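The structure appears below as structure tokens.
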Amino acid sequence: MTDDFQTFDRVMRARHSCRGFRPDPVPSTTIQQIVQTAQRVPTWCNAQPWQIIVTSGAQTDAFRNAMTQAAETQTAQPDLDWPQQYTGVYQERRRTCGLQLYQAVGVTRGDRVGSARQMSENYRLFGAPHVAIITSDSDLGPYGVMDCGGFVAAFAAAAQAAGVASIAQAAIAAFAPTVRAHFDIPQTRLILCAISFGYEDPAHPANQFRTERAPLSQVLDLRE
């Protein structure tokens with residue numbers, strides 16, 4: 001394997017969903033470089049449908065407060081339908097991740113108060129100093145959404161390579177009208193997700209576990 005591949009492999013293996021951040025801001029130049037690198041992902045007909053709003057400082061705190069209030073007082077109204085259900089291996093992976101997180105932060109089975117408290121961390125952006133809101137043009141439909149998924153993955157990898165931790169958050173999209181109103185996003189843009197990011201707090205309990213990846217036998221059908 002080439003040195004480039006080995007470096008990329010190390011970055012991808014080191015990347016994880018960070019759920020506890022230090023308050024230190026990431027320099028604007030670093031944020032710009034991360035976005036610029038992430039934009040190199042392939043897209044359908046080179047549409048490059050993503051638009052990104054990134055907050056810092058008081059702007060992040062204002063959005064954090066708006067999301068916390070929305071989660072406490074509103075019902076979910078996402079622009080995209082949630083998955084109909086998780087079954088089989090998908091449910092197993094989802095359950096395992098949840099159990100690992102709860103064990104790390106000390107939430108025991110049946111502790112509804114603790115579970116709700118941990119869920120609310122989504123709307124506090126896990127204390128991150130920055131959040132990126134990812135939107136796509138509604139006319140591009142699922143292909144625009146797919147392209148933006150590639151951008152989110154590339155953003156997370158580029159951030160990791162730059163020493164910046166991140167977590168992609170579908171929970172924010174549950175309150176699409178609040179996000180749209182807060183940032184004055186037009187109705188022609190779909191609210192897809194958020195990416196909270198900053199420098200990891202390595203001592204935070206929620207950062208003490210790592211999810212596993214499926215074996216190749218479950219995902220790869222190699223035909224020769």
Practice item. Along Cα→Cβ, 7 Å out, is where each label goes; now give me the distance between the ones at Gln6 and Arg112 in nm to one decimal. Key: 5.4
Practice item. Find the centroid of the Cα atoms in region 2-35 and in region 89-147, then give the distance between the two in whole Å. Key: 19
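Could you give the length gained by full extension between Arg13 and Glu212, i.e. 0.36 nm per residue of separation minus their alpha carbon distance, to one decimal place? Numbers along the way, then the final one.
Values: separation 199, 0.36 × 199 = 71.64 nm, distance 1.04 nm.
The span from Arg13 to Glu212 would gain 70.6 nm if fully extended.
How big is the dipole moment of the chain about its Cα centre under a simple scheme where the beta carbon of each Lys and Arg is +1, that of each Asp and Glu is -1, and everything else is neutral? Debye, nearest 20, please.
Working: 19 positive and 20 negative charges, 117 e Å.
For this selection, approximately 560 debye.
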Check your understanding: Non-local amide H neighbours of Arg189 (under 5 Å, H modeled in plane, Pro and chain starts lacking H): which ones?
Key -> Ser138
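On average, how much area does the Cα convex hull of region 28-71 cover when viewed from any direction, in nm²? Working shown, then result.
Values: hull surface 17.5 nm².
Dividing the Cα hull surface by four gives the mean projection, 4.4 nm².
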Exercise for review: Could I get the Rg over Rh figure for the chain? Both from C-alpha atoms, Rh via Kirkwood, rounded to two places.
Suggested key: 0.95
Review point. Sorting Tyr90, Tyr143 on the 10 Å Cβ count, fewest up front, what's the list?
Key: Tyr90, Tyr143
Review point. Can you give the Kirkwood hydrodynamic radius of region 157-224 from its Cα pairs, in Å with one decimal?
Key: 15.5
Practice item. Identify the trypsin sites (Lys or Arg not before Pro) of region 158-224 meeting these criteria: DSSP loop state and at most 16 other C-beta atoms within 10 Å of the C-beta. Key: Arg210, Arg213, Arg223
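Sorted from fewest to most neighbouring beta carbons within 10 Å, what does the list Met1, Met119 look like?
On the way: Met1 7, Met119 12.
If I rank by nearby Cβ atoms, fewest first, I get Met1, Met119.
What number does region 61-134 give for Rg over Rh if you use C-alpha atoms and the Kirkwood radius?
On the way: Rg = 14.4 Å, Rh = 14.5 Å.
Result for region 61-134 is an Rg/Rh of 1.00.
Every number in this text was worked out from the coordinates using simple rules, so none of it is lab data. None of the values given here were measured: they were computed from a predicted structure. Please note: Cβ atoms are built from the backbone with ideal geometry, for glycine as well, and neighbour counts cover all protein chains shown.
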